[in-house]
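Only one structure is covered here, and it is reproduced in the block below.
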Amino acid sequence: MNLSDQLRKLVARAKQAQARAAEAPHKAASDLQDDVAAVRATAQAEAVKLRENAEAGRGEVSDWRHSVQKTWSDYIGAVHQTIDEANAEVDLAQAERGADAAENDAAYAIDYAYAAIEQAECAVLHAEFARMKADDLEAAAHTTTG
């Protein structure tokens, strides 16, 4: 899959997330709880896949990317722990604090994803530029040796 196709896949996933978020207030709590569990499982699977890809390419992956992946895994774990703790809330004050924390975490995750998309765009454009430069150097090498 080329880089543009990967961005197209990202856009489609963001649209799916937005649609689910828009539907959430209109769902029964039990249905929403099922959605949370399903999305959580998918997020965990993606985090595992990301970690495995980083580990498999450890020699090829920059230390920076490995560090970001580790930070992301830690963040996912903390968010899931917060969700679990919020589900165990028993009184109104705790439930309110849990809801506020969940809303703040969601807003931060959206901001983080937005920044990640900005960085992804930069990385894609840089990769295309680097490929063009390499192709130009290869072409120049063939014209000077040929």
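Got at least one residue in region 119-142 being under 15 Å from the mean Cα position of the chain (by Cα), of a type in the set (Phe, Trp, Tyr) and in a helix (DSSP H, G or I)?
No - not one qualifying residue is present in region 119-142.
Can you tell me which residue in region 7-32 is least open to solvent (accessible area, probe 1.4 Å), limited to those that are part of a helix (DSSP H, G or I) and touching a helix residue (DSSP H, G or I) at 6+ places or on another chain (Cβ under 8 Å)?
Ala24
Can you list residue pairs whose Cβ atoms sit under 9 Å apart, with the first residue in region 35-57 being under 16 Å from Gln81 (Cβ atoms) and the second being open to solvent by 70 Å² or more (accessible area, probe 1.4 Å) and not in a helix (DSSP H, G or I)? Count only pairs 6 or more apart in sequence or on different chains.
Sorted first by the residue in region 35-57, then by its partner, the list stays empty.
When both residues are 6+ apart or on different chains and their Cβ atoms are under 7 Å apart, which pairs have a first residue that lies in region 63-82 and is of a type in the set (S, T, N, Q), and a second that is modelled with pLDDT under 75?
Going by the 7 Å Cβ cut-off, the qualifying pairs are Gln69/Ala54.
Do the conditions hold for Asp91, that is, is it over 27 Å from Leu3 (Cβ atoms), modelled with pLDDT of 90 or more and open to solvent by less than 90 Å² (accessible area, probe 1.4 Å)?
no
Within region 103-119, does at least one residue satisfy the condition of being of a type outside the set (Gly, Ala, Ser), within 28 Å of Thr71 (Cβ to Cβ), touching a residue at least 60 places away in the same chain (Cβ under 8 Å) and surrounded by 13 or more Cβ atoms within 10 Å (Cβ to Cβ)?
yes
Out of all the residues in region 51-74, is one or more in contact with a His (Cβ under 9 Å, 6 or more places away or on another chain), modelled with pLDDT under 75, open to solvent by less than 60 Å² (accessible area, probe 1.4 Å) and in a helix (DSSP H, G or I)?
The answer is yes; a qualifying residue exists.
Could you check how many residues of region 33-46 are open to solvent by less than 80 Å² (accessible area, probe 1.4 Å), of a type in the set (D, E, K, R) and either at pLDDT 90 or above or not in a helix (DSSP H, G or I) (or both)?
1
The values are calculated or read from the model by the stated rules, or taken from the named source; none is laboratory data. As the structure is a computational prediction, the values presented were derived from the model and not from experiment. Here Cβ is always computed from backbone atoms with ideal geometry, including for glycine, and neighbour counts include all displayed protein chains. Side chains included, ligands, DNA and RNA excluded: accessible areas come from the protein's heavy atoms. Shrake-Rupley method; radii C 1.70, N 1.55, O 1.52, S 1.80 Å.
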